[in-house]
Each structure stands twice: as structure tokens, then as C-alpha cells.
Amino acid sequence: MSSHGSLFDIMGPIMIGPSSSHTAGAVRLGLLARNVANVPIRQVTFTLYNSFAKTYQGHGTDRGLLAGILGIGVDDESIRDVFERVKETPLEYSFIPNEAPNHYPPNTVRFDMILENGNPLLVIGHSIGGGKVYISKINEYNVHLRGEYPTLVMFYQDQPGMIWKVTQIIAEYNINIASLNCTRKEKGNEAFMAICLDSLLPKPAVEAIRNIPCVYSVCNVDKIPS
Amino acid sequence: MIQFTQFRDLLAYCQQEPCSVGEAALRYEESLGDRSREEILAGARGLLEQMRSTIESGLFCEDKSLSGLSGGFSKKVMDFQNSPQAFMSPLEHRMIAYALATLEENSRMRKIVACPTAGGSGVVPGVLVALWQEKDLPMERLEKALLAAGLVGEIVSHRMYLSGAAAGCQAEVGVATGMAAAAIVEAVGGTPEQTLNATAIALKNTIGLVCDPVAGLVEVPCVKRNGIAGIHASAAATMALADIVSFVPLDEVVDAMVQVGQMMSPKLKESAEGGLAKTDTAVAFTEQLRQKQQNPPCRD
């Protein structure tokens, strides 16, 4: 549930129908998965759960997800014809409705992607109504990513000084931190940090962070339009 | 930052200042720090213009949706106004037709404003655009009415996800009706007490509304339900403006909605597994549609 958000999130988005959770939410999840990938996507399998699995064709969830992966926004009328549009691209895709019982929230999609560089990427996302979405998993890592801010997501070995090292690099690029969230599984084990920023980190900054010893993985995820 | 966690906080703020719910909504949005007062009012005007534009393109359009379940209803209501059997006012005909036109555009996969969701997107535009055209209201009054509606939705969204999949249609058309009732009272210059009473009265009558769409489409019963909801909101607003008070205060009405949402079967939450979606007619239609989707006809 939201708390103290903009009224323009309640009255909006301006979007292509027919469903804010199943169409606009699907587009925004596709856009967010695309931003997590950050390089062209060669192949994607969308596995749909719960309400998404049962009503995805009628609500245009399939069109929406595909549109998002192609970078088409929620208010772009070409969502309607996206199955034609996608033929002009090299993207391969498939949809799998999975109706088996599960612990996911009502509108859930799993993206199994193969990127241009051949790397696999797994993203699990949820649409929670009115076009609002979040991502709960990137590969094997649990996250909570809403796409409201450009966000640096990193996984590393828990140790003293890591926040200092990372924020120092961000400060060198004169980018303001909106919020910082870090958690760990247990002391000295794998830790996760999500830093919401006022603007997207430039590539050299991301490389510098990636080169900090004991950093396993870094995703520089741009925000999605509200 | 101004924070309204509960409706009673909002009412206390409006009484203390004193100001209307729409003015409180404007100050709330301003306190978030992203937009100036002028930008917020311009944003609201932009939404109203998109709402009107959606209605204009949908109103006399007879194109069917992809499924064929809806299309052409708003034109029928507009035409019926001229019938000797017509018994409602021009304003009420417009409220019905405008909400239908919006939902019909939505089911054609055209552009709408989610308010608070796409499934309930006809209700607030239906009442506000009809009032805009039929009553000579100043623009700023309409902008604040829309912001008042937004604040009502925002405060409800603290306690429940606004989606049929989470809590049934009470979270979509239900909340939209409560928002529209507030918008009407704000638009005609009612007090903050009347505004929140209108929302409470409207929501009490949408509690328990299930989401059981035929073939999982946002069409049956959604399109016509939106057409009805503006009149429903108008009745609630009229009672509130006549100083009828909701016996159960608004915050408790929302708590009750949340509880009913939790008790509601998942089969009645946008999964097309119960209610209208499982009627003989709906099941037969769903099967036909499934066959059509497997063998799509050639389209230009």
C-alpha cells in the first residue's frame, strides 16, 4: 500500500486501456525489466501467475509486457499493435500462464531474459493497482524496486566501509542520494544495497563501483515514467 | 510536509484552516515539493482536458471493442435524451453517457486517465466533464474538485491496494464513486464535512462489490457499471449537501471495505472464476473468444 504519494499517481497515469493493473502495470513492469537489463534483450519468456495468468489476453497484459520490453510507454497507442511492431525487431518472446498455486501476490510476472551479450537475467515483478509496480527479485537476489527513482542496486560481501566507498564515488559525480537501503542475510555474508538517486549514475561511476573489491553484482536501473 | 493518514486528520485540517478539501489537496500536493501551486492546478487542468478529449472521441463512436462486447452505448444514451420517454435531466444523461464513452474507449485500447484505475476510469470524468459543460463553474473550482477526488483516493490507498485483484471492484469503481461524490460536493461549493459525508455515503453502498468480469475483460459489467456510478455518486452528494450525515464515519467505512476485501473469495477478485464470469452466457462467450484468439481473423 502506498503512503503519502502524489495525487497524480491516483489520478493517472494517462494510459492506453483496458486495465491499469493488467495493461499499464504490465507496460511499466516491462519498462522496469528493460531498465534492469540495461542492454538490448535478445529473448524473453514471460511466466504469468495468478490473476495475470487467468486474464492476460483479455486485459492486454501480453501486449503491455511486450510493449514495455520494447520501450513503448503506457500512453502510446502502438501498444494495441505491438504484436505487429515486434516483428520488426529481433526480439524472441513467449508467454506461459502458470496456474499452479504459489505464494506470489495477485498480479505477478517472471521475466526470463537472454541479453544481447548472452547473459541470462531473471526478474520477478508485481503490479499492485493503478499502474503501480515493483520488482521483488533480480536473479537470485531479493530486492524491492519501484522504478520511481534512478536506482543503483548492488550485491556484495558484508564488510565495514562499503557504504562509505560507494557513496564517495557517487559524491565525486555530484549526484544527490534520495534514499539508501541496505540489508544483509547475516553478518559477514552477502549484503544488498539500493541507492535511490536524483539522476542516473554515469557509466564510469558504475564501473568504479563494480571494481570495488568484494562487489558481486551491480545494476544501474533508470526510473520509469510515472 | 502536510500528512493526512486518516480522513479525520483531513477534516481537522480543513476545519482549523478553514479550507475546502480541494484546497487541502492542493496544499498537500504542494508540500510534496515537486510542483508549485500553479503547476498542480495546470496538471489537474491537463487531466480534465484529457478526460474531455477521451469522452469526445468516444461519445458518438460506434466501433466495437476487440471482443465485440461493448461499443456504441454512449451514443445510444445521447440519442435517447431526445426521446419523449426521457425522464432524467440533460446533466444526468451526460454523466451516464460520458462514463460509458470513457470505458468504451478504454476497451478499444485507446487513451484514458486511470482514476483511480482504468476499470473505474469513467466515473470521475463522467461527473466532472458533465458539470463543466452543464453548469457554469469556474475552472479553478473544477481543478480543485479533481484534486479533492485524488486526495480521497490517496487516503484510501493507504489502507488497501486499489485493484480488483486485491479487493474486488469495491477498490476500483467503488473507490471511484467515493472520489466522484467528493468531487461533486467540492465543485458546487459544499463544506468539508459534506464532502467527506458524500464519500462515506457513496462507499457504504459499494462495499462488497465483486470483480467478476466476463472472459476477464474490462467490459461486462464494468462499462455499464461506470455508467451507473456517476448517478450513484450524485445521489450520495445530494444527500450530503442536504446535510444528511453518514452514521458510520468515513475512516470506519474504509476499514470495513478493507475487511470485506480480505474476506472476499479470490474467485471474485479479477480472476474470472465466479459470479457473472461463470454464468452460462459468459462461459459460452469465453469459449467462443478462446477459439477466435487461437485462429485470429485477418485484420487490416
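The values are calculated or read from the model by the stated rules, or taken from the named source; none is laboratory data. Owing to the predicted nature of the structure, the values given are computational and were not obtained by experimental measurement. All Cβ positions, glycine included, derive from the backbone under ideal geometry; neighbour counts span all protein chains shown. Side chains included, ligands, DNA and RNA excluded: accessible areas come from the protein's heavy atoms. Shrake-Rupley method; radii C 1.70, N 1.55, O 1.52, S 1.80 Å.
Exactly one condition in (1) within 14 Å of another protein chain (Cβ to nearest Cβ); (2) over 30 Å from B:VAL175 (Cα atoms); (3) not charged (D, E, K, R) is not met by A:ILE128; state its number.
(2)
Among the residues of the range A:23-54 satisfying the criterion of being within 8 Å of another protein chain (Cβ to nearest Cβ) and of a type outside the set (Ser, Thr, Tyr), which is most open to solvent (accessible area, probe 1.4 Å)? It would help to see each step written out before you state the result.
Applying the first criterion (within 8 Å of another protein chain (Cβ to nearest Cβ)) to the range A:23-54 yields A:23-24, A:50-51, A:54.
Then drop every residue that is not of a type outside the set (Ser, Thr, Tyr), which leaves A:24, A:50, A:54.
Details: A:ALA24: 2, A:ASN50: 36, A:LYS54: 75 Å².
My answer is A:LYS54.
Looking at this structure, is A:ILE16 among the aliphatic types (A, V, I, L, M), touching a Lys or Arg at 6+ places or on another chain (Cβ under 9 Å), within 12 Å of another protein chain (Cβ to nearest Cβ) and open to solvent by less than 10 Å² (accessible area, probe 1.4 Å)?
Values: among the aliphatic types (A, V, I, L, M): yes; touching a Lys or Arg at 6+ places or on another chain (Cβ under 9 Å): yes; within 12 Å of another protein chain (Cβ to nearest Cβ): yes; open to solvent by less than 10 Å² (accessible area, probe 1.4 Å): yes.
The answer is yes for A:ILE16.
Looking at the structure I just gave you, is B:GLU287 modelled with pLDDT under 95, on the phi < 0 side of the Ramachandran plot and touching a Pro at 6+ places or on another chain (Cβ under 8 Å)? I'd like the intermediate steps shown before the answer.
On the way: modelled with pLDDT under 95: yes; on the phi < 0 side of the Ramachandran plot: yes; touching a Pro at 6+ places or on another chain (Cβ under 8 Å): no.
It is false that B:GLU287 is modelled with pLDDT under 95, on the phi < 0 side of the Ramachandran plot and touching a Pro at 6+ places or on another chain (Cβ under 8 Å).
Among the residues of the range B:242-255, is any in contact (Cβ under 8 Å) with a residue 60 or more places away in the chain and of a type in the set (A, V, I, L, M, F, W, C)? Step through it out loud before you land on a result.
Step one: filter the range B:242-255 for residues in contact (Cβ under 8 Å) with a residue 60 or more places away in the chain, giving B:249-251, B:254-255.
Narrowing the set further to residues that are of a type in the set (A, V, I, L, M, F, W, C) leaves B:250, B:254.
Yes: the range B:242-255 contains one or more residues that are in contact (Cβ under 8 Å) with a residue 60 or more places away in the chain and of a type in the set (A, V, I, L, M, F, W, C).
Quick one: in the range B:132-153, which of the residues that are over 13 Å from B:ALA24 (Cα atoms) and open to solvent by less than 10 Å² (accessible area, probe 1.4 Å) is farthest from the other protein chains (Cβ to nearest Cβ)?
B:LEU142
Could you list, in sequence order, the residues of the range B:20-38 that are open to solvent by 10 Å² or more (accessible area, probe 1.4 Å), more than 10 Å from every other protein chain (Cβ to nearest Cβ) and either touching a helix residue (DSSP H, G or I) at 6+ places or on another chain (Cβ under 9 Å) or closer than 24 Å to B:GLN194 by Cα (or both)?
Of all residues in the range B:20-38, those open to solvent by 10 Å² or more (accessible area, probe 1.4 Å) come to B:20, B:23, B:27, B:30-38.
Now restrict to residues that are more than 10 Å from every other protein chain (Cβ to nearest Cβ): B:20, B:23, B:27, B:30, B:33, B:36-38.
Within the range B:20-38, B:SER20, B:GLU23, B:ARG27, B:GLU30, B:SER36, B:ARG37 meet the criteria.
Given B:THR191, B:THR177, B:THR195, B:THR199, which one is polar (S, T, N, Q) and surrounded by fewer than 24 Cβ atoms within 10 Å (Cβ to Cβ)?
On the way: B:THR177 fails: surrounded by fewer than 24 Cβ atoms within 10 Å (Cβ to Cβ); B:THR195 fails: surrounded by fewer than 24 Cβ atoms within 10 Å (Cβ to Cβ); B:THR199 fails: surrounded by fewer than 24 Cβ atoms within 10 Å (Cβ to Cβ).
Result of the check over B:THR191, B:THR177, B:THR195, B:THR199: B:THR191.
Within the range B:39-56, track down each residue that is free of Cβ contacts under 8 Å to residues at least 60 places away in the same chain, within 17 Å of B:GLU140 (Cα to Cα) and within 11 Å of chain A (Cβ to nearest Cβ). Write out each step before concluding.
Within the range B:39-56, the subset free of Cβ contacts under 8 Å to residues at least 60 places away in the same chain is B:39, B:42-43, B:46, B:49, B:53, B:56.
Right, trim to within 17 Å of B:GLU140 (Cα to Cα) and you get B:39, B:42-43, B:46, B:49.
Within the range B:39-56, B:GLU39, B:GLY43, B:GLY46, B:GLU49 qualify.
For the range A:55-83, how many residues are of a type in the set (A, V, I, L, M, F, W, C), within 14 Å of chain B (Cβ to nearest Cβ) and open to solvent by less than 10 Å² (accessible area, probe 1.4 Å)? Step through it out loud before you land on a result.
So in the range A:55-83, the residues of a type in the set (A, V, I, L, M, F, W, C) come out as A:65-67, A:69-70, A:72, A:74, A:79, A:82-83.
When the remaining residues are screened for being within 14 Å of chain B (Cβ to nearest Cβ), the result is A:66-67, A:72, A:74, A:79, A:82-83.
If we keep only those that are open to solvent by less than 10 Å² (accessible area, probe 1.4 Å) too, we end up with A:66-67, A:72, A:79, A:82.
Count: 5.
Condition first: open to solvent by 10 Å² or more (accessible area, probe 1.4 Å), more than 30 Å from B:LEU268 (Cβ to Cβ) and aromatic (Phe, Trp, Tyr). Can you find one or more residues in the range A:89-96 that meet it?
As a first pass, look at the range A:89-96 and keep what is open to solvent by 10 Å² or more (accessible area, probe 1.4 Å): A:89-96.
If we keep only those that are more than 30 Å from B:LEU268 (Cβ to Cβ) as well, we get A:89-94.
Imposing the further condition that a residue be aromatic (Phe, Trp, Tyr) reduces the set to A:93.
Checking the range A:89-96: at least one residue is open to solvent by 10 Å² or more (accessible area, probe 1.4 Å), more than 30 Å from B:LEU268 (Cβ to Cβ) and aromatic (Phe, Trp, Tyr).
Is it fair to say B:GLY275 is on the phi > 0 side of the Ramachandran plot, open to solvent by 20 Å² or more (accessible area, probe 1.4 Å), among the small types (Gly, Ala, Ser) and under 20 Å from the mean Cα position of the chain (by Cα)? Even if it seems obvious, please write down each step before you answer.
On the way: on the phi > 0 side of the Ramachandran plot: yes; open to solvent by 20 Å² or more (accessible area, probe 1.4 Å): yes; among the small types (Gly, Ala, Ser): yes; under 20 Å from the mean Cα position of the chain (by Cα): no.
It is false that B:GLY275 is on the phi > 0 side of the Ramachandran plot, open to solvent by 20 Å² or more (accessible area, probe 1.4 Å), among the small types (Gly, Ala, Ser) and under 20 Å from the mean Cα position of the chain (by Cα).
Which one of these does B:GLN81 not meet: (1) surrounded by fewer than 19 Cβ atoms within 10 Å (Cβ to Cβ); (2) touching a residue at least 40 places away in the same chain (Cβ under 8 Å)?
It is condition (2) that B:GLN81 fails.
Tell me whether the range A:3-10 contains one or more residues that are surrounded by fewer than 24 Cβ atoms within 10 Å (Cβ to Cβ) and more than 7 Å from chain B (Cβ to nearest Cβ). Give the derivation first.
Restricting attention to the range A:3-10, the residues satisfying the condition of being surrounded by fewer than 24 Cβ atoms within 10 Å (Cβ to Cβ) are A:3-6, A:8-9.
With more than 7 Å from chain B (Cβ to nearest Cβ) added as a condition, the list becomes A:9.
Scanning the range A:3-10 turns up at least one residue that is surrounded by fewer than 24 Cβ atoms within 10 Å (Cβ to Cβ) and more than 7 Å from chain B (Cβ to nearest Cβ).
Can we say A:ASN102 is in contact with a strand residue (DSSP E or B) (Cβ under 7 Å, 6 or more places away or on another chain), within 14 Å of chain B (Cβ to nearest Cβ) and not in a strand (DSSP E or B)?
yes
Within the range B:1-19, track down each residue that is surrounded by 12 or more Cβ atoms within 10 Å (Cβ to Cβ), facing chain A (nearest Cβ under 10 Å) and not polar (S, T, N, Q).
B:ILE2, B:PHE4
Which of (1) within 13 Å of another protein chain (Cβ to nearest Cβ); (2) in a strand (DSSP E or B); (3) modelled with pLDDT of 95 or more is the odd one out, the single condition A:ASP112 does not satisfy?
Only one criterion in (1) within 13 Å of another protein chain (Cβ to nearest Cβ); (2) in a strand (DSSP E or B); (3) modelled with pLDDT of 95 or more is unmet by A:ASP112, namely (1).
One line per residue, one yes/no per condition, for (1) within 14 Å of another protein chain (Cβ to nearest Cβ); (2) open to solvent by 50 Å² or more (accessible area, probe 1.4 Å); (3) over 30 Å from B:VAL77 (Cβ atoms):
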residue: B:LYS204; (1), (2), (3): no, yes, no
residue: B:VAL210; (1), (2), (3): yes, no, no
residue: B:ALA233; (1), (2), (3): no, no, no
residue: B:THR238; (1), (2), (3): no, yes, no
residue: B:ALA256; (1), (2), (3): no, no, yes
residue: B:MET264; (1), (2), (3): yes, no, yes
residue: B:SER271; (1), (2), (3): yes, no, yes
residue: B:THR281; (1), (2), (3): no, yes, no
residue: B:GLN291; (1), (2), (3): yes, yes, yes
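Answer yes or no as to whether B:LEU162 is closer than 17 Å to B:ASP255 by Cα, touching a residue at least 12 places away in the same chain (Cβ under 8 Å) and facing another protein chain (nearest Cβ under 9 Å).
On the way: closer than 17 Å to B:ASP255 by Cα: yes; touching a residue at least 12 places away in the same chain (Cβ under 8 Å): yes; facing another protein chain (nearest Cβ under 9 Å): yes.
So B:LEU162 fits the description; yes.
What residue, of B:ALA171, B:ALA167, is facing another protein chain (nearest Cβ under 8 Å) and closer than 25 Å to B:PHE4 by Cα?
Numbers: B:ALA167 fails: facing another protein chain (nearest Cβ under 8 Å).
Every option except B:ALA171 fails the conditions.
Which residues, counting only those in the range A:153-183, are surrounded by 15 or more Cβ atoms within 10 Å (Cβ to Cβ) and among the charged types (D, E, K, R)?
Once the filter is applied, which keeps residues that are surrounded by 15 or more Cβ atoms within 10 Å (Cβ to Cβ) and among the charged types (D, E, K, R), the range A:153-183 yields A:ASP158, A:LYS165.
Say we look at the range B:212-231 and pick out the residues that are open to solvent by 20 Å² or more (accessible area, probe 1.4 Å) and of a type in the set (Val, Ile, Thr); which of these is nearest to B:GLY168 (Cα to Cα)?
Out of the qualifying residues, it is B:VAL220.
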